[in-house]
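The values are calculated or read from the model by the stated rules, or taken from the named source; none is laboratory data. Being a predicted model, the structure only gives us computed values, none of them experimental. Virtual Cβ from ideal backbone geometry, glycine too; neighbours counted across all protein chains shown. Remember, those area values only see protein heavy atoms, side chains included, never the ligands or the DNA or RNA. Shrake-Rupley method; radii C 1.70, N 1.55, O 1.52, S 1.80 Å.
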Amino acid sequence: MTKRVAILISGGGSNMVSLVDSMTGDHPARPIVVLANSGTAGGLEKAAARGIATEHVDHRNFKGDREAFEKALISVLEPYSPDILCLAGFMRILTPLFIDAFKGRMLNIPPSLLPKYRGLNTHARAIEAGESEAGCTVHEVTSELDDGPILGQARVPILAGDTPDILAARVLGQEHNLYPAVLRRFAQGDRTPVFL
């Protein structure tokens, strides 16, 4: 049975595009909706151009009431009956209320080699620490930030003269390879990690 995938974004949606474009042919999943936390997220246009339903729930309308915001997200998602949720640059920290509603079905791709450098400014922190490599991780979402079972990692070297922006661009290229590979396996019920 084909899995139904909802993708949550906040910005331009480049990871969303790589996921959507991978779900063709014999892929075990199909995108059903792209949901953003702002109506101006650039990725909404890209999703609509690909014929995918789009929705948005503006977090600013909830004045810091995370649970009310998440209840609104859930009410928008429920009619689509998603089997899998992919966070693809969704820049909101989710509470257990939302995570528990989709437990075991939600993936995320932080731009770091977890468990190192959870949270923000991962590339600057890796460079400042003198690391020789950086990368990205796909993991199952749990109530702990950037935690949960690791389902895949991709590594890139940190080169002399790298700035956080240069490193981010190199890592993003690998994100676009890793996330689709992990999603394909996950949709088949295979949680064996993918390493690139």
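Observations
- Candidates VAL156, VAL141, filtered to the one that is touching a Gly at 6+ places or on another chain (Cβ under 9 Å) and under 20 Å from ILE7 (Cα atoms): VAL141
- Verdict on VAL156 being in contact with a helix residue (DSSP H, G or I) (Cβ under 9 Å, 6 or more places away or on another chain), more than 27 Å from GLU67 (Cα to Cα) and either β-branched (Val, Ile, Thr) or open to solvent by 30 Å² or more (accessible area, probe 1.4 Å) (or both): yes
- Total residues in the range 112-142, condition open to solvent by less than 70 Å² (accessible area, probe 1.4 Å), part of a loop (DSSP other than H, G, I, E, B) and of a type in the set (S, T, N, Q): 2
- Taking the range 86-104 as the range and being buried (at least 17 other Cβ atoms within 10 Å of the Cβ), out of contact with any Ser or Thr (no Cβ under 6 Å at 6 or more places or on another chain) and more than 20 Å from GLY42 (Cβ to Cβ) as the test, the residues that pass are LEU94, PHE98, ALA101, PHE102.
- ALA169 free of Cβ contacts under 8 Å to residues at least 24 places away in the same chain and under 16 Å from SER14 (Cα atoms): yes
- Residue match in the range 165-181 (condition: among the hydroxyl-bearing types (Ser, Thr, Tyr), modelled with pLDDT under 95 and either within 20 Å of LEU85 (Cα to Cα) or surrounded by 14 or more Cβ atoms within 10 Å (Cβ to Cβ) (or both)): no
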